[in-house]
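I have placed the structure first, in the form of structure tokens, so that the comments after it can refer back to it.
The values are calculated or read from the model by the stated rules, or taken from the named source; none is laboratory data. This one's a predicted model, so the numbers in the text were calculated from it and none came from an experiment. Here Cβ is always computed from backbone atoms with ideal geometry, including for glycine, and neighbour counts include all displayed protein chains. Calculation scope for accessible area: heavy atoms of the full protein, side chains included, ligands and nucleic acids excluded. Shrake-Rupley method; radii C 1.70, N 1.55, O 1.52, S 1.80 Å.
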Amino acid sequence: MDGKIVNIAKAIKTKTIERRRDFHRYAEAAWTEFRTAAIVADTLEQLGYCVLTGDEVIEAEAMMGVPSLEELEHHMKRALAQNGKLSWIEKMKGGKTGVVGVIRFAKPGPVVALRFDMDANDLLEAEDDQHRPYREKFTSVNKGTMHACGHDGHTAIGLAIAEIISMLAEDLAGTIKLIFQPGEEGVRGAKAMVAKGVVDDVDYIIGMHLGTELGKTGKFAYGVDGFLATTKMDASFAGVAAHAGSDPEVGKNALLAAANAIINLHAISRHSQGDSRINVGVMHGGTGRNVIPANALIKFETRGSSTEINEYMQQQAIRVIEAAASMYGVTVSMNLMGSAAGGKSDFQLAERIQKVAKRLEIFTEIVKITSVGGSEDYTYFMERVQRRGGQGIATLVGATLAACHHNSYFDFDEDALELATTVLTSSAVELLTEKLK
Ligand SMILES: [Zn+2]
């Protein structure tokens, strides 16, 4: 079936590129992917998939870093104005923009899931001739939101795979689940889909990212390891304002509490069992030179080479922050803004997918990357599947990049779309035919 897949992926390449460019033009950030998700849902339905969205795939309580109701409302209206279909968007109220497409094939077999993320970055896109999306007129019309990580490509690849799999349905056994996730940026979305049980019946799961450190088009990494578990939090300190000259003793200094917290967060003792990180990236506080500052906000993140080490860092951070608040007699409230698990690809599945990639003869180099050192919330899906006895891997498809990820000149070689479509479809088909062999 490999030859057939290669040919169809090639035949629909132009459509895949057009889709990628359309998603790029109408970039939507985390939890506001109303138009993108509506197109995904509609396309899947037309291809014969059973489509789940909104409350069916998102657990509201596990959503992290969700924009305000006003922002959500604004982005829903924008999606409708940009030809998003009302019947789908209505189901996604509250930012529940996840979509899952399912086909149960006639013959019994494993449940195979592929996961794609759909969101863009909060970034102003470059608008000059150096930048191909500008030259070829598909820069983001949603100012301040830009696909600078390739998730526009991921979404287009997911739909291309959906199309090929639907064409091959007669020859497959088991169930295919195509998962389109909102809010990967800031690691906010996966947890809510996992909490809803989206992968609770899954035997095999494959995730993919375009570009990254893998470099140029033609490379493929089949078993990525070393994802860092991470937690993103905001801490708001609240004290009492007072005249700094006449009544300083009446005040409670929230800014000093925050400042002391920052120093001591960076002094958390390191863990002997693996790598850990902490960073306070933002601090705001105070209102005026002669006022004892009554408020302060810090935004920080912890990371760890395993979920356990990250949990250790997070617990220590909470302890330090509460202690700093107590020292200055102020109160503090903390909000979880995002998180991801640690992650390791399964060796056995990785080896099977490596063989598929070799057999296709479409890649110039096939590698196993052992340590990425970043975070990606796909790990929640992978971890859940693994804990329930299934297997999961993360893969990378190389794409020559115009600039690094999250840069306003980011763009990737669109030939990688066809390569990713081919290898992921063949990998899914390999697993969906194992009972037939
Ligand atoms: Zn990304």
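Here are some notes:
- The C-alpha atoms of the chain define a longest principal axis, and helix 415-432 lies at about 70 degrees to it.
- Between the Cα long axis of helix 69-81 and the first principal axis of the chain there is an angle of about 30°, rounded to the nearest 10.
- Arg135/Ala11 FRET efficiency (R0 25 Å; Cβ-Cβ; nearest 0.05): 0.40
- Ranked by the mean number of other Cβ atoms within 10 Å per residue, highest first, peptides 49-61, 341-353 order as 341-353, 49-61.
- Judged by the mean number of other Cβ atoms found within 10 Å, the most tightly packed of the peptides 194-201, 229-236 leads the ranking 229-236, 194-201.
- Helical contribution to [θ] at 222 nm, DSSP H n ≥ 4, -39,500 (n - 2.57), averaged over the chain, rounded to 500: -11000 deg cm²/dmol
- Overall Cα dimensions of the range 229-340, principal axis frame, Å, largest first: 52, 22, 18
- Per the Debye formula on identical point scatterers at the alpha carbon atoms of the chain, with no solvent, log10 I(q)/I(0) at q = 0.13 Å⁻¹ is -1.13.
- Computed over protein heavy atoms with a 1.4 Å probe, the accessible surface of the chain works out to 40 Å² per residue.
- For the range 56-204, share of DSSP beta bridges that run antiparallel, in % to the nearest 5: 45 percent
- Centre-to-centre, using Cα atoms only, the range 46-101 and the range 253-279 are separated by 37 Å.
- The simple Förster model, with R0 at 30 Å and r as the Cβ-Cβ distance, assigns Glu90 and Asp171 a FRET efficiency of 0.25.
- Relative contact order computed over the chain (Cα-Cα under 8 Å; 6+ residues apart), in percent: 23 percent
- Working from label points 7 Å from Cα in the Cα-to-Cβ sense, the Glu70 to Val282 distance is 1.7 nm.
- C-alpha long axis of helix 347-360 to longest principal axis of the chain, angle in °: 50 degrees
- Highest to lowest packing among 281-293, 245-257, 98-110, 114-126, scored as the average C-beta count within 10 Å: 114-126, 98-110, 245-257, 281-293
- Surface share of carbon and sulfur [accessible, 1.4 angstrom probe, percent] for the chain: 49 percent
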